[in-house]
Structures are given as structure tokens and as C-alpha cells.
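Engineer: Would you mind keeping the following structure in view while I ask a few things?
Rule-based calculations on the coordinates, nothing more; no lab input. Note that the coordinates shown come from a computational prediction; the quantities given were computed from them, not determined experimentally.
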Amino acid sequence: MDRRSLLGLLGATAAVAAAPGDFADIGRAIHRRLGALPGRRVLDPHQDATVVALTDVILPATDTPGAKAARVNEFVDLLLAEWSEAEERDRFLAGLATVDTRARELFGRNFVEGTPSDQTRLLTLLDNEAAQWNAKRGSTRGPEPFYRRMKWLTLFGYYTSQVGAEQEAHFAIIPGRFVPCAPADSTAGSE
């Protein structure tokens with residue numbers, strides 16, 4: 001299974017299908033508000049560019065649009081502005097700054113200025129650290145790694161967007177087809 005398929009499977013089930021209806025509805029409601037808002041409310045231009053770059057490496061465009069097309073960066077900004085407590089927002093922004101610090105240590109420049117190979121190498125390290133954190137018992141874990149939250153927000157934002165839901169996950173409001181006036185014991189509507 002390739003990375004995109006695995007992310008799609010995990011994202012679709014974790015962020016949308018397995019989530020309570022209200023949770024998925026919140027994601028879709030946030031996406032509906034994106035067009036009505038001018039600019040970013042929390043993220044400055046560099047932070048916004050970093051979120052775009054992160055989400056694009058996490059969920060790049062393939063034969064279907066990626067996180068950039070789904071405007072996940074705008075989704076994250078609105079979530080931070082309207083749904084996050086100040087402490088959570090500050091923790092997110094500090095984690096975002098740490099990505100640049102780690103990028104400068106690893107390849108000598110900010111994350112957005114790195115090559116795709118540099119960016120992937122850093123996210124692989126961060127993903128491994130998040131997996132190690134996840135494998136520990138709750139009381140020994142320490143604070144959640146930023147990358148774990150960033151990856152979750154990317155998947156949540158993507159799979160609740162119209163692009164992610166319809167083009168990637170093939171979500172249909174009314175699945176199947178409508179067969180009017182079929183007898184109750186008929187199999188005419190099943191395929």
C-alpha cells in the first residue's frame with residue numbers, strides 16, 4: 001500500500017467516517033466559512049506558508065488534489081481563531097516555530113525554503129518521534145508532539161473539505177441509486 005492510500009484510509013476513517021456526525025459537521029461548517037473571511041486571523045504570512053508547505057508534504061496532490069487544493073491552511077487558521085483556547089493556539093504556534101528550528105538544524109534554512117527532499121526527511125523524523133510518543137504509556141508520554149497534531153489537523157481539514165470528501169474519499173450524500181416504487185422484497189435497488 002502506498003503512502004497516499006494509507007493516509008486516505010486512515011484519514012477517511014479517523015477524521016470523517018469514524019467521527020461522530022457532529023464532529024464531521026463541524027469540519028464541513030468550518031470549510032463553508034472559509035470563503036467569507038478575508039485573509040488569515042492567527043497565522044502571519046510566514047506561518048501560513050509553513051502550514052501550506054507542511055500540509056502539502058503530508059498530503060500532496062497526486063491523481064487527486066492534495067491539502068493545498070483543499071485549503072487546509074485556511075482551515076487550520078480558522079480553527080485556531082474560532083475554536084481553539086489561547087493556550088492551545090499558543091502551543092500550536094510554538095510547535096510551528098519549532099519546525100523551522102529543526103529545519104535550520106537539519107538543512108540550514110527554514111522549512112519552506114527546504115527542498116522537497118529536505119522537507120520529507122524532517123517530517124519523517126518528526127513522524128517517527130510522534131510514533132514513539134504514541135507508543136509510550138499515557139503518564140510517561142509528556143506533551144503531545146506538534147507534528148502529531150499537525151498531521152491530524154491536515155487529515156481532518158482535508159477529509160471534511162469538498163475536495164477531500166468528494167474527489168479522494170468519493171463521499172456521496174446519498175450513496176447508491178434511487179429505485180422508486182420497488183417491492184420491499186425486490187433486489188432491484190441493490191448492486
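Engineer: Could you give me the ³J(HN,Hα) list for region 88-102, computed from phi with Karplus coefficients 6.51, -1.76, 1.60 and θ = phi - 60°, whole Hz, x at Gly and Pro?
Structural biologist: After applying 6.51 cos²θ - 1.76 cosθ + 1.60, I find 5, 4, 5, 5, 5, 5, 5, x, 5, 5, 5, 4, 5, 4, 5 Hz.
Engineer: Which of the three applies to region 81-140, rounded, prolate or oblate, going by the alpha-carbon gyration tensor with a ≥ b ≥ c and a/c under 1.5 meaning rounded?
Structural biologist: Note, shape of region 81-140 comes out oblate.
Engineer: Kindly write out, for region 51-56 in residue order, the coupling ³J(HN,Hα) from the Karplus curve 6.51 cos²θ - 1.76 cosθ + 1.60 (θ = phi - 60°), rounded to whole Hz, with x marking Gly and Pro.
Structural biologist: So the Karplus estimates, Gly and Pro as x, are 5, 4, 5, 4, 5, 5 Hz.
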